[in-house]
């Protein structure tokens, strides 16, 4: 899969069931789309957004050599330096505001501001570089933020079942692990719906998202 482009696909259908938009949404939810560099965050936001997504991408230059980790994404020429922003309206007047986080370590200082007031987060993962997912997973575990892990199935990546991904990432059983194609509206939208349902389940039951310090990596966005 080439997820470098993030234009919405021609069959996008996110506008077909929200007549309430003229009067404004009845419920507004904030969701983060996080993950390592080059996993498809900008692509996912662009695939589901019903408005033209706000992007803050800049070209990678020689100044980033030795600073940014391009292992496995050598063909990527741009990087998000602040955030991506989009919006999707679901049924019953529920509007989801999407904030894509920057993936490069040098921009991690923005995560605390972006995560403020968020219902939950999607952690996008790439099976070719699963280690890049640990910082996001540990960050949301430590903050007690509900999250799901969505594996973006790149065309040239090996395929694994969700139980195998869960074991490799050492994720708690209550955290949903999904397979998706971040380029496709229907697939990306289902990930968001799964996150909302997961967050609502956690809100109505006992808390089970306490941080697990024993798996904290050497570096996190707060570290």
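The values are calculated or read from the model by the stated rules, or taken from the named source; none is laboratory data. Computed from a prediction, not measured in an experiment: that's the story for all the values here. Every residue, glycine among them, receives a Cβ derived from its backbone with ideal geometry; neighbour counts consider all protein chains shown.
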Original post:
Taking residue 204 and the conditions (1) without any contact (Cβ under 8 Å) to a residue 40 or more places away in the chain; (2) surrounded by 15 or more Cβ atoms within 10 Å (Cβ to Cβ), which numbered condition does it fall short on, given that it satisfies the others?
Top reply: (2)
**OP:** Considering each residue of region 181-201, count those that are in contact with a strand residue (DSSP E or B) (Cβ under 6 Å, 6 or more places away or on another chain) and over 19 Å from residue 119 (Cβ atoms), and give that number.
**Re:** 2
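Per-residue answers, yes or no, for (1) modelled with pLDDT under 90; (2) in a helix (DSSP H, G or I); (3) on the phi > 0 side of the Ramachandran plot:
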residue	(1), (2), (3)
166	no, yes, no
179	no, no, no
194	no, yes, no
198	no, yes, no
203	no, yes, no
221	yes, no, no
